[in-house]
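In what follows, a single structure is set out as structure tokens and then discussed.
The values are calculated or read from the model by the stated rules, or taken from the named source; none is laboratory data. This is a predicted model, so every value here is computed, not measured. Cβ placement follows ideal geometry from the backbone for every residue including glycine, while neighbour counts extend to all protein chains displayed. Surface accessibility is based on the protein's heavy atoms, side chains included, excluding ligands, DNA and RNA. Shrake-Rupley method; radii C 1.70, N 1.55, O 1.52, S 1.80 Å.
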Amino acid sequence: MIFENISEADSLYTDLEKKSTLEILTEINQEDQKVALAVQKTIPQIEELVNQIVPRIQQGGRLFYIGAGTSGRLGVLDASEIPPTFGMPPNLIIGIIAGGDNALRSPVEHAEDDTEQGWKDLMVYQINEKDTVIGIAASGTTPYILGALQKAKQNKILTASISSNPGSPIAEVVDIPIEITVGPEYVTGSSRMKSGTGQKMVLNMISTTIMIKLGRVKGNKMVNMQLTNEKLIDRGTRVIMGELKLPYNKAKSLLLIHGSVSKAINNYKQSF
């Protein structure tokens with residue numbers, strides 16, 4: 001396959017500065033509607049990846065996201081949502097961004113151009129063959145990510161990539177490439193738009209499906225979420241009410257005693 005950097009191609013729209021607010025918003029929305037269809041085409045690859053990750057995690061493995069710029073931020077975001085949403089430890093799904101935590105808010109000059117640093121950042125976590133590394137890069141050419149994936153694969157670690165260009169260098173080096181061909185961005189080259197949206201959708205699909213397969217969801221409820229605020233305590237209380245047919249105060253009391261919806265329900269059922 002011949003590599004074409006579609007994500008950097010000229011926008012399908014011109015003279016953006018001359019358009020009305022309504023025209024701009026409508027055209028952006030029209031482009032965004034293409035993202036879900038592009039993601040849909042990658043479901044077979046996402047399925048293969050998830051089916052390989054789950055048994056690795058069950059054997060003690062971890063999942064690493066590694067990226068630069070917007071892609072790195074999205075990986076860190078998805079990883080950071082796993083503990084509060086599913087009650088899992090923060091070292092199960094780990095997001096790494098070129099340039100470190102400072103790069104979450106501000107660009108770090110040339111951080112993504114270092115072909116060696118990505119692997120060094122992974123080695124901090126004593127990465128091993130049970131783990132999985134997913135490189136995220138709209139272009140599919142980022143040296144920081146490419147170098148990390150090459151070294152990971154050399155060390156017999158499962159690798160995957162999420163990119164917006166078919167046949168990119170990153171896709172060529174991994175075990176499972178996920179290529180979301182969303183087309184040119186509304187603002188030429190602004191991969192924080194459609195490419196970023198597609199990346200977030202795929203990351204949500206991967207992590208959520210993994211958590212469901214690991215038993216962190218019951219029915220369609222987050223029964224292992226952390227009770228970090230009143231909204232989540234109320235949500236958990238209502239789940240217990242529905243499951244155990246208890247009044248609100250009794251359900252809330254059980255939740256606060258046991259610390260999670262899952263434990264509250266299981267302990268209550270075992271008491272009879």
Counted charge near Gly99, where neighbours are those whose Cβ lies closer than 13 Å (Asp, Glu -1; Lys, Arg +1): -3
Give a quick list of trypsin sites (Lys or Arg not before Pro) in the range 185-263 that DSSP marks as loop, anything other than H, G, I, E or B, with at most 13 other Cβ atoms within 10 Å. Lys245
Report, ordered by chain and residue number, the lysines lying within cross-link reach of Lys250, taken as a straight Cα distance under 23 Å and ignoring same-chain residues fewer than 8 apart. Lys218, Lys221, Lys231, Lys263, Lys269
Can you work out D for the range 7-60 in µm² s⁻¹ from Stokes-Einstein, where Rh is the Kirkwood radius over C-alpha pairs, the temperature is 37 °C and the viscosity is 0.692 mPa s? 226 µm²/s
Reach of Lys153 by Cα under 18 Å, taken over lysines that are not fewer than 8 positions away in the same chain: Lys120, Lys130
Length-normalised contact order of the chain, Cα under 8 Å, at least 6 apart, in percent, tallies to 23 percent
Sort all Cα-Cα distances of the range 163-271 into consecutive 10 angstrom bins from zero, then give the percent of pairs in each bin up to the one containing the longest distance. 13, 30, 19, 17, 16, 5, 0
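Ignoring ligands, DNA and RNA, please state the percent of accessible area on the range 184-272 from carbon and sulfur, probe 1.4 Å.
Of the solvent-accessible surface of the range 184-272, carbon and sulfur hold 52 percent.
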Given the C-alpha centroids of the range 113-152 and the range 24-74, what is the distance between them in whole angstrom? 17 Å
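Would you calculate the convex hull of the Cα atoms in the range 115-217 and tell me its volume per residue in Å³?
107 Å³
Between Lys153 and Asp10, take the C-beta separation as r, use R0 = 30 Å, and let me know the FRET efficiency to the nearest 0.05.
0.30
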Give me the Kirkwood hydrodynamic radius of the chain, using the inverse of the mean 1/r over all pairs of distinct Cα atoms, in Å to one decimal. 20.1 Å
Solvent exposure of the range 150-263 as accessible area per residue, Å², 1.4 Å probe: 45 Å²
